[in-house]
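The structure under discussion is supplied below as structure tokens; questions concerning it will follow.
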Amino acid sequence: MLSFANHDVNVMVTDGNDTNIRGDVVALSNGMKLDAVNTDGGVIKDKNKYIDSLSPLLPVGFYYKAFHKPASLFPFWEKVIRKAAGLGVVNFNYPRITKRKLNQHCDLLVIGAGPSGLSAALAAASEGLEVVLVDENRSLGGSLNYDYAGSDASRKILEELQAKVAATANIHVYLDAYAAGYYADHMVPVVTANGITRVRAKAVIVATGVFEQPPVFHNNDLPGVMLGSAAQRLINRYAVKPFNKGVVVTANAQGYRVALDLLNAGAKVAALVDMRAEGQRDDLVGELVRKGVKIYPASCVYEAVPTRDKLGVQGAVICPFDEATGQADPGKSVNIECDGIAMSAGWAPAAALLYQSGIGMGYSNEIQQFVPNRLPAGIFAAGRVNGVYCLQQRANDGMRAAAEVLRYLGKSAPQVTVEKHQGPSPSHPYPFVEHPKGKNFVDFDEDIQIKDFINAAKEGFDNIELMKRFTTVGMGPSQGKHSNMNAIRILAKIRNLPVEKIGTTTARPFFHPTPFGHLGGRSFHSHRLTSIHAWHESAGAFFVDVGAWSRPAYYQKPGKSKQQLVLEEAQAVRQSAGIIDGGTLGKIEVCGPDAALFLERFYTGKFADQKVGTTRYALLLDESGVIVDDGIASRLADELFYLTISTSNAAAVYREMQRWLQIWQLNVGLVNVTGAYGLINVAGPAAREIVGKLVSIDLSDAAFPMGAACETEVLGVPVRLVRVGFVANLAYEIHMPSAHGLNFWQALLEAGASHGIRPFGTDTQRLLRLEIGHHMPGYDTDGLTNPYEVGAESALAMDKPFFIGQRSLKIISKKKLAKILVPFVLPQEYSGEMPQDCNLVIDGSAIKGRVTSISASPAAKRIIGLAYVDPAKDKPGSVFDIRTDNGSIVKATVVETPFFNAD
Amino acid sequence: MTTPQTAMIRKTPVAYAQQALKPKMGELHGMEVALEFEGANVENARKQLLGVTDVSCFQRFSVKGPQAAAWLAGKGMNTPAAINSWDEAAPGTMILRLGGSEFLLEDQYSGDTCPGLAKDFKQADVPGVYKVQRADAAFILSGSEALDLLSELCMLDLRDSALSGNAVVMTQIAGISATLLRQTLNGQQVYRIWCDGTYGPYLWDMLTEVAQELGGGAVGLSCHFKK
């Protein structure tokens, strides 16, 4: 146990599914069954103890060099290393435990409820701000909860502050919660056991305090060696005496306060060892001397003496320490019997959130600490993280920060003066004691000693970020909270540079390990359903996701394969009639005087001369000439076009329309009616007769030919009727208010019952349109396909003044095509390996293209498909090779479409 | 040609999500609606704590375009002056101004303005006004814990201090586009939510899932409107 502050790696435990529990801060509760994480035998029966004797042979970075060759053995070594270094065992049966992720808004978020944070929160709340106050501890107060120096003065201050907060309605307190990161616009996720609350504040005060830093000496990893603040927490939070007879080693006033708390708890303090040449010069010294504590100024703990079983401390070797050179003089050492050592060498700012907010930090030589010197708008620092140490001044600094927040939010506030730090530095610039036997640990998670840094620098890793990665300092569970600052100090010494020239490592969110269940939260998998969905489900539909929609791919029947069912559904369409729910298609109305002009610019074709009551193919490109989407434009009135767009592109195309309308500033209204209209497509030779039962208009070829569109009534409901030919030569789309979808579906099924009408899904639809010879954007095109490559020249009105992508097409058209999409068939009786979508078209060893669609066609009575081939092979009768999944080569022959005689 | 003997009843957009709850169904304005789920006592308690009610059956009419505000005013409708705000267009009918030039009118339980406007509207006769066909899923979210529920599903600040009395918020709820406002209904402050009807089953599921966790759940239309 090192810190008792939520950063102790050696006390991580698992309780059932709850793993990596921090044993230094999590209270025991009834029913817990705790197992230690990452040990093999525990401290007493550690099976890996032998590594201790091997450690001289295992310098930092050894496995980077030792195990990467031969490569064939690396998986073995990786397994061994991961087992030795890993944290726990992955539970593949981990249940899904979702936690709530909430959103909260406030005027001011105060992070840290120590003296500064409490003062800031109270000052801001008294001016009417809504304040959220977050602290990772179980009670308010920060160091006021444990740093007493043998007196109850701090306790009284705390009680007063706690009472004031409790009486202030506009302070919302989160305890046992950590602010996990800083994100743009002052968004800070606050993590509790129950989930995450994303707090968005108008301003943030970071009063996160500091992490106590240990001095470094031989055997400083023994049980019984702990931070001074850890000893204080044990005494004053948990009423546990940390040692019977302890030694305090310090380099600031804090060690003296620790010693007084130890004495007050009934422990003996065998010695107070002060590493500073000047020692301490205030009342604390006199008080300790009066209580019989021997003080060793200008001295250090040279080594901790282990008990015989190495499970504790039995003494401390103390010797003179030259602060200027950092050298100990073991020739003048003194052995002091003790059972524990408390360490207080200084502090490192808990500034991760400040760094993430984009703060600038400078190094203060007065207090030997990085402190903020440039703060982003709306971010404020207060207290020890801001370099203010005196208790009264910490409170003042909180009020000063609150006043700045008020002014930032446009309110008036008085100036609050904070006195600069007086007296000796609270942190030592170099609290390291070298020892010939090493084992003077800088990073207790990763077992990194002083010599490891020296070796890393010798190997060229003498930049703090490189050194971090080579030594792994700060990469353990405590994330460098006790080691990063010491690593920076060591590197500064090695390079003979001031600390500020070394800089700091990057602080990334999350500040503290957070369970995936918290991060995941509740699942929001939004999806859209047509009004016919329940019917599809009851009819056995096998659903697939298409964009945000759930669509039937085909309708399952017992004892029949997917392939059989798709063929049956397709045959129904070819022989009589089929019906498909097309409500998922995008539908957009383009209205207004400039509607035709808008479409002329947006799509590749011509629409200005399109007659009311007709449809036209609409091909959309991007500005580089790549195919984006296609659909049908129905002109329902002079100033009203009704566009259909492919299901998965609807939202993107509508956004593009809005964007271009903003640019072109035409007199057009765009209405996205995708969800407002249902769409049912009735296709097949019997379609006219079936639909004719429900409409009063003449559906004959003469009156309502291919490409016709009109507004009419079906079943007394206004609808839009379009004659289409995507999946069959005779097909009608009925567009009705979506709430009527199921009524229409059932009416059409009833009308077609005598014809054997059958519902079909998207898999069948793909086959049907393939038989007709239609390509589908997204299936038969990719993110680079231009219209020339799919033979869509007839859809390009290059003589128009402008359309999106036209300029690029003019350039592309002058270049030789690299590939072209062709319809093909396999030999009539082909029975070999079935080629699949995306199988390569090859010529010898050269890749010439790929299959984009392929299927057995009941109508064509053979295997048909579309594929990109060498343009030299685009003529009917050309033969090309397809390489199947098993490597066999299949000969395919280019043909003309449609693949069957549709008449 | 087949003609229906009676007007066809429309399905509420959330019918699929509600079917497992087996609500007692009724009809309002030609649309099926869940009147009751678990009885008046349970639902009255939910209404006070956290209740979700489907009111997709309310009649709506929507127009957009540069002349939309003028056309509505010409029809005697009171239109909100401020963008993203709502008001009473006519007795029993609320009007939401969605952006600068789009309006959604919704007849409340007792209102009957929208059918008349729909009947009067002839696209060709009103340049600069475009009818917006709608098929909203619409909900009432009631109870003391409504804000707690919304704090999980919506990132925006919806506290009383942030959401002015007649503000209309177009935002994302549970990851989908939705419109939200606060309204007083029978003396109770409630939130109203509209989304595209095709997302209705999903949003109903999300609202009721969270509501149940917080002690609430589905509430039928009868609980709010006794008649």
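So which helices (runs of 4 or more DSSP H) are wholly in region A:456-548 and hold at least 3 residues that are touching a residue at least 60 places away in the same chain (Cβ under 8 Å) and under 30 Å from B:Cys195 (Cβ atoms)?
Once the helices (runs of 4 or more DSSP H) in region A:456-548 are filtered for at least 3 residues that are touching a residue at least 60 places away in the same chain (Cβ under 8 Å) and under 30 Å from B:Cys195 (Cβ atoms), what remains is A:516-520, A:533-538.
Would you check if there is a residue in region A:774-783 being crowded, with 17+ Cβ neighbours inside 10 Å, within 21 Å of A:Ala731 (Cβ to Cβ), of a type in the set (S, T, N, Q) and modelled with pLDDT of 95 or more?
no
For region B:129-161, which residues satisfy the criterion of being more than 8 Å from chain A (Cβ to nearest Cβ), assigned to a loop (DSSP other than H, G, I, E, B) and in contact with a Gly (Cβ under 7 Å, 6 or more places away or on another chain)?
B:Val129, B:Gly143, B:Glu145
Looking at (1) within 14 Å of chain B (Cβ to nearest Cβ); (2) among the basic types (Lys, Arg); (3) in contact with a His (Cβ under 8 Å, 6 or more places away or on another chain), which one does A:Arg522 not meet, given that it meets all the others?
Here A:Arg522 clears every test but (3).
Which condition does A:Leu699 not pass, out of (1) touching a Gly at 6+ places or on another chain (Cβ under 6 Å); (2) under 25 Å from A:Leu796 (Cβ atoms); (3) within 14 Å of another protein chain (Cβ to nearest Cβ), if it passes all the others?
Among (1) touching a Gly at 6+ places or on another chain (Cβ under 6 Å); (2) under 25 Å from A:Leu796 (Cβ atoms); (3) within 14 Å of another protein chain (Cβ to nearest Cβ), A:Leu699 violates only (2).
Here is a list: A:Ser139, A:Ser143, A:Ser154. Which entry is surrounded by fewer than 17 Cβ atoms within 10 Å (Cβ to Cβ) and outside the structural domain of A:Asn252 (by TED's automatic domain parsing)?
A:Ser139
Here is a follow-up. Which strands (runs of 3 or more DSSP E) sit wholly inside region A:153-215 and have at least 1 residues that are touching a residue at least 60 places away in the same chain (Cβ under 8 Å), farther than 13 Å from A:Gly112 by Cβ and basic (Lys, Arg)?
Output list reads A:195-206.
Right, something else. Please indicate, with yes or no, whether at least one residue in region B:176-190 is farther than 20 Å from B:Phe103 by Cα, in a loop (DSSP other than H, G, I, E, B) and within 8 Å of chain A (Cβ to nearest Cβ).
There is no residue in region B:176-190 that is farther than 20 Å from B:Phe103 by Cα, in a loop (DSSP other than H, G, I, E, B) and within 8 Å of chain A (Cβ to nearest Cβ).
Give the residue, chosen from A:Ser143, A:Ser139, A:Ser151, that is within 22 Å of A:Gly255 (Cβ to Cβ), under 39 Å from the mean Cα position of the chain (by Cα) and not hydrophobic (A, V, I, L, M, F, W, C).
Sole residue among the options that is within 22 Å of A:Gly255 (Cβ to Cβ), under 39 Å from the mean Cα position of the chain (by Cα) and not hydrophobic (A, V, I, L, M, F, W, C): A:Ser143.
Does region A:358-404 hold any residues that are in contact with a Lys or Arg (Cβ under 8 Å, 6 or more places away or on another chain), farther than 24 Å from A:Ile502 by Cα and of a type outside the set (Lys, Arg), and which are they?
Selection gives A:Gly378, A:Ala382, A:Gly383.
Kindly establish whether A:Glu713 is part of a strand (DSSP E or B) and within 10 Å of chain B (Cβ to nearest Cβ).
Answer is yes for this residue.
Sticking with this structure for a sec: So in region A:308-348, with the set limited to residues that are hydroxyl-bearing (Ser, Thr, Tyr) and surrounded by 13 or more Cβ atoms within 10 Å (Cβ to Cβ), which one is farthest from A:Pro242 (Cα to Cα)?
Once the filter is applied, the top-ranked residue is A:Ser333.
Those residues that are in a loop (DSSP other than H, G, I, E, B) and surrounded by 19 or more Cβ atoms within 10 Å (Cβ to Cβ), I need them from region A:277-307; list them, please.
A:Gln280, A:Val293
Every residue, every condition in (1) crowded, with 21+ Cβ neighbours inside 10 Å; (2) over 18 Å from B:Val42 (Cβ atoms), yes or no:
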| position | (1), (2) |
| --- | --- |
| B:Thr184 | no, yes |
| B:Tyr191 | yes, yes |
| B:Gly197 | yes, yes |
| B:Tyr202 | yes, yes |
| B:Met206 | yes, yes |
| B:Gly215 | no, no |
| B:Ala218 | yes, no |
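Taking the condition farther than 28 Å from A:Asn486 by Cα and either modelled with pLDDT under 95 or out of contact with any helix residue (DSSP H, G or I) (no Cβ under 6 Å at 6 or more places or on another chain) (or both), does A:Ser412 pass?
Judged against the criteria, A:Ser412 is a match.
Something else now. Any residue at all in region B:21-40 that's under 15 Å from B:Leu141 (Cα atoms), part of a strand (DSSP E or B) and charged (D, E, K, R)?
There is no residue in region B:21-40 that is under 15 Å from B:Leu141 (Cα atoms), part of a strand (DSSP E or B) and charged (D, E, K, R).
Ok, one more. In this structure, does A:Ala553 turn out to be part of a strand (DSSP E or B), farther than 18 Å from A:Leu768 by Cα and more than 14 Å from chain B (Cβ to nearest Cβ)?
no
Do we have any residue at all in region A:110-118 that's within 14 Å of chain B (Cβ to nearest Cβ) and either out of contact with any helix residue (DSSP H, G or I) (no Cβ under 7 Å at 6 or more places or on another chain) or at negative phi (or both)?
Within region A:110-118 (the criterion being within 14 Å of chain B (Cβ to nearest Cβ) and either out of contact with any helix residue (DSSP H, G or I) (no Cβ under 7 Å at 6 or more places or on another chain) or at negative phi (or both)), the answer is no, since none of the residues qualifies.
Right, here's the next one. Would you confirm whether any residue within region A:283-298 is in contact (Cβ under 8 Å) with a residue 60 or more places away in the chain, small (Gly, Ala, Ser) and out of contact with any helix residue (DSSP H, G or I) (no Cβ under 6 Å at 6 or more places or on another chain)?
Scanning region A:283-298 turns up no residue that is in contact (Cβ under 8 Å) with a residue 60 or more places away in the chain, small (Gly, Ala, Ser) and out of contact with any helix residue (DSSP H, G or I) (no Cβ under 6 Å at 6 or more places or on another chain).
For region A:632-692, please list each of the strands (runs of 3 or more DSSP E) lying entirely inside it that holds at least 3 residues being out of contact with any Gly (no Cβ under 7 Å at 6 or more places or on another chain) and touching a residue at least 60 places away in the same chain (Cβ under 8 Å).
Ranges flagged: A:669-672.
Suppose we keep only residues that are part of a helix (DSSP H, G or I), within 14 Å of chain B (Cβ to nearest Cβ) and within 45 Å of the chain's Cα centre (by Cα) within region A:716-771. Which one would you say is nearest to A:Tyr555 (Cα to Cα)?
A:Trp745
Looking at B:Gln19, B:Gln59 in this structure, which one is buried (at least 20 other Cβ atoms within 10 Å of the Cβ) and within 30 Å of A:Ala751 (Cβ to Cβ)?
Residue meeting the stated conditions: B:Gln59.
To continue, here is another question. Please go through region A:260-303 and pick out each residue that is at pLDDT 95 or above and of a type in the set (S, T, N, Q).
Listed by number, the residues that qualify are A:Asn264, A:Ser299.
Moving to a separate point now. Taking region A:6-56 as the region of interest, how many residues are of a type outside the set (Val, Ile, Thr) and in a helix (DSSP H, G or I)?
Qualifying residue count, region A:6-56: 7.
Just to be sure before I move on: is A:Leu619 in contact with a Phe, Trp or Tyr (Cβ under 9 Å, 6 or more places away or on another chain), more than 12 Å from chain B (Cβ to nearest Cβ), assigned to a strand (DSSP E or B) and not polar (S, T, N, Q) in the structure I sent?
Yes.
Residue-wise test of (1) outside the structural domain of A:Val132 (by TED's automatic domain parsing); (2) surrounded by fewer than 21 Cβ atoms within 10 Å (Cβ to Cβ); (3) farther than 23 Å from A:Leu227 by Cα; (4) touching a helix residue (DSSP H, G or I) at 6+ places or on another chain (Cβ under 9 Å).
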{"position": "A:Ile448", "(1), (2), (3), (4)": "yes, no, no, yes"}
{"position": "A:Met467", "(1), (2), (3), (4)": "yes, no, yes, yes"}
{"position": "A:Thr471", "(1), (2), (3), (4)": "yes, no, yes, yes"}
{"position": "A:Ile488", "(1), (2), (3), (4)": "yes, no, no, yes"}
{"position": "A:Asn496", "(1), (2), (3), (4)": "yes, yes, yes, no"}
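Tell me which residues, restricted to region A:375-391, are assigned to a loop (DSSP other than H, G, I, E, B), touching a helix residue (DSSP H, G or I) at 6+ places or on another chain (Cβ under 8 Å) and more than 23 Å from A:Asn365 (Cβ to Cβ).
A:Ala377, A:Gly378
The values are calculated or read from the model by the stated rules, or taken from the named source; none is laboratory data. This is a predicted model, so every value here is computed, not measured. Neighbour counts are summed over all protein chains in view; Cβ atoms, including those assigned to glycine, are modelled from backbone coordinates with ideal geometry.
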